[in-house]
Amino acid sequence: MSGKKICGFCVLDGHSGSLCVDALVEWLPRNLQTCLAAKPALTEAHLRQAVLEACALTDAEFLARAREREVLDGSTALLCLIWPQDERRSRLMIANLGDSRAVLCRSQGGRLSAVRLTDDHKPGRADERLRIEGNGGVVDMQGVWRVFTPNPATFGGQNLLWGLAVSRAFGDLLLKEPQRYGCQGATGELVTATPEIHTCELHPAEDRFLVLACDGIWDVLGDDDAVAICLEHRSAELAAHALVRRSYESGSDDNLTAVVVAWQAAEEEAASAPRKPRRARAD
């Protein structure tokens, strides 16, 4: 990876306020660059470690601010990094915290299909539930599966039994440090800022584009639906806008953010050169 340019894309989806999202926009790229600069070489293993370190550092910084201001803001995050591996292939790294989702459009057996690259971090997911309950948290169905503190905590002058519909996120002070606020029964953090990281190889001839979107999109659109909608449009920008528009028309009442990353190359170079990613965002 030495000397190769890394392209990065990110989808953030805040809750309980915008303070965490605003901080992530500024701090996460800065911290990632700092952690990368400290590595002896830019290898895939070092990149993975830098992402983990940057997420931990960013979350610690925000939690310090949240304690000072007594706020419960949080945010999910979906980070995508792409870099060239050789003349024909690229590598893709996805770091996921929460329930935003990455879906790749890939040609398989002559047919275009949707390939999900991330697993949603919902409290009802078996491994997430095991971790939460192991730290003393409660997972309960309240409209959707939610993680709750086991008992009320004292925060901002109130007694709160706090819950959240995702199991990994930045911020969410009361679910990260319930013991600090007098919550009995919690033995560790109930929501974590440690991302799940997946890497894969991209083949420009087979892999057409990548969809990154928050849960407001996926609440009403399936993976195949999103890919089919994007295929109706000639540009990544139009595809991203179409995803947001279709989700709104389908009754989604949540935040709507979609990023479509597409690869494009001159026709005469398509067989031998990596394609340049293009991006578009609609929210």
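Quick one: which of Pro152, Pro84 is in contact with a strand residue (DSSP E or B) (Cβ under 8 Å, 6 or more places away or on another chain) and without any contact (Cβ under 8 Å) to a residue 40 or more places away in the chain? Only one candidate passes the filter, namely Pro152. Exactly one residue among Arg65, Arg111 is more than 18 Å from the chain's Cα centre (by Cα) and without any contact (Cβ under 8 Å) to a residue 40 or more places away in the chain, and that residue is Arg111. Going by what's in this entry, would Leu130 be described as touching a residue at least 40 places away in the same chain (Cβ under 8 Å), under 23 Å from the mean Cα position of the chain (by Cα) and over 22 Å from Leu81 (Cβ atoms)? Taking the combined requirement at face value, the residue does not satisfy it. So, of the residues in the stretch 183-216 that are in contact with a Pro (Cβ under 8 Å, 6 or more places away or on another chain) and surrounded by fewer than 18 Cβ atoms within 10 Å (Cβ to Cβ), which turns out to be nearest to Asp127 (Cα to Cα)? My answer is Gly185. Quick one: would you say Leu238 is in contact (Cβ under 8 Å) with a residue 24 or more places away in the chain and more than 21 Å from Arg111 (Cα to Cα)? For Leu238, the condition - in contact (Cβ under 8 Å) with a residue 24 or more places away in the chain and more than 21 Å from Arg111 (Cα to Cα) - is met. For the stretch 148-172, a residue qualifies if it is crowded, with 22+ Cβ neighbours inside 10 Å and polar (S, T, N, Q), and the qualifying residues are Thr149, Ser167. The lone criterion from (1) closer than 21 Å to Ile197 by Cα; (2) not in a strand (DSSP E or B) left unmet by Ala114 is number (2). Within the stretch 100-121, the set of residues being in contact with a helix residue (DSSP H, G or I) (Cβ under 7 Å, 6 or more places away or on another chain), closer than 17 Å to Asp215 by Cβ and open to solvent by 10 Å² or more (accessible area, probe 1.4 Å) comprises Arg101, Ala114, Arg116. Selection of strands (runs of 3 or more DSSP E) fully inside the stretch 135-249 by the criterion of at least 1 residues being within 29 Å of Glu53 (Cα to Cα) returns 138-142, 144-148, 153-155, 196-202, 207-213. Only one entry of Leu32, Leu42, Leu12, Leu79 meets the criterion of being outside any strand (DSSP E or B) and either open to solvent by less than 40 Å² (accessible area, probe 1.4 Å) or in contact with a helix residue (DSSP H, G or I) (Cβ under 6 Å, 6 or more places away or on another chain) (or both), and that entry is Leu32. So which residues in the stretch 132-147 are open to solvent by 60 Å² or more (accessible area, probe 1.4 Å), of a type outside the set (Asp, Glu) and farther than 15 Å from Leu174 by Cα? Met141, Gln142, Gly143, Val144, Trp145 - these are the residues of the stretch 132-147 that are open to solvent by 60 Å² or more (accessible area, probe 1.4 Å), of a type outside the set (Asp, Glu) and farther than 15 Å from Leu174 by Cα.
The values are calculated or read from the model by the stated rules, or taken from the named source; none is laboratory data. Every value quoted in this text rests on a predicted model; they were computed, and no experiment measured them. No Cβ is skipped: glycine too gets one built from the backbone with ideal geometry, and neighbour counts run over all protein chains shown. Just so you know, the surface numbers come from the protein's heavy atoms only, side chains and all, with ligands and any DNA or RNA stripped out. Shrake-Rupley method; radii C 1.70, N 1.55, O 1.52, S 1.80 Å.
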